[in-house]
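Values in this text are rule-based calculations from the coordinates and carry no lab data. Predicted model only: the values in this text are computed from it and were never measured. Every residue, glycine as well, gets a Cβ built from its backbone with ideal geometry; the counts of neighbours run over all protein chains shown.
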Amino acid sequence: MIKRAKPKAEPLPEAAPGGPRHVAIIMDGNGRWATQRGRPRLFGHHAGAKRVREVVEACPEVGVEYLTIFAFSTENWKRTQVEVAGLMSLFRRYITKETRSLSEFGVRVRFIGDRVRLDDKLIKLMNELEEATAHNTRVHLTIALNYGGRDEVARATKRLAQDVADGRLDPENVDEETLPKYLDTCVLPDPDLVIRTSGEARISNFLLWQSAYAEYEFIDTLWPDFTREEFAALCASYGGRDRRFGGVKT
């Protein structure tokens, strides 16, 4: 059997000046996408995983250096045991399958979130992927796995408090620039643009501290239907926004 070559994607419009450097995405709608097709929810999650690669590969074309995606939240453990087990299997399969292509494309992968509740095999694969891509700089992909914004701030505060208790940090020197050094995202710039797919208009405990001045786009597209062209259009639209960060232009 002869396999047909995958059609080459059309080039995206040239990145506009002032576009977002860091885009974060709440990838919502996989389950509904599957239900609409009479398929189990995990079918939608598999379709959504394939969409990630397309968006990652579009990043250099639209000038995005950092991409952060919300893969599994601390609240997602409330889903059925079948769905959670299926998602964990999907994460393990995705990492195993995509490590080589991500590295060859120049993607550096990081994971954020609390790893304590994850199984040892998955943690091992996560560590290996981070190590294998540590030298890459073309795209910085951060995957939020067992992540919650409140949980992240709570864990960061504990570490900060411990440093104060141990005498490594003077409480008089603690200000709004201190806590970010203890967050999971301490080596990343704050997101410029946060996109949520599927029509829901909420942030779902995602990057609460980091997104204080991010621009938001809530779109109706379900994640498995989200295209590189739509991604490029949202990034281009961002470049036309007037960002004053609380100030007034004179």
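Couple of notes before you dig in:
- Once you divide the Cα radius of gyration of the stretch 125-250 by 2.2 N^0.38 Å, the number left is 1.29.
- Lys, Arg +1 and Asp, Glu -1 on Cβ, resulting dipole of the stretch 7-120 about Cα centre, debye, nearest 20: 500 debye
- The candidate values are (1) 18.7; (2) 20.4; (3) 19.4; the one derived from this structure for Kirkwood radius over Cα pairs in Å carries the label (3).
- Near residue 205, once Lys and Arg are set to +1 and Asp and Glu to -1 for all other residues with Cβ below 10 Å from its Cβ, the sum equals -1.
- Positive contributions from Lys and Arg (+1) and negative ones from Asp and Glu (-1), summed over other residues with Cβ under 15 Å from the Cβ of residue 148, come out at +3.
- Evaluated over the Cα positions of the stretch 84-189, the convex hull gives a direction-averaged projected area, one quarter of its surface, of 7.9 nm².
- Under the convention that each Lys and Arg Cβ holds +1 and each Asp and Glu Cβ holds -1, the size of the dipole of the stretch 59-171 around its Cα centre is about 300 debye.
- The alpha-carbon positions of the stretch 63-115 define a convex hull whose volume is 96 Å³ per residue.
- In a simple Cβ point-charge model (Lys, Arg +1; Asp, Glu -1; nothing else charged), the chain has a dipole of about 1220 debye relative to its Cα centre.
- Amide H partners (placed H, <5 Å) of residue 215, local residues excluded: 193, 194
- Beta bridges per DSSP, both residues in the chain: antiparallel share near 0 percent.
- The sum of -39500 (n - 2.57) across all DSSP H runs of n ≥ 4, divided by the residue count of the chain, sets its helix-only mean residue ellipticity at 222 nm to -12500 deg cm²/dmol.
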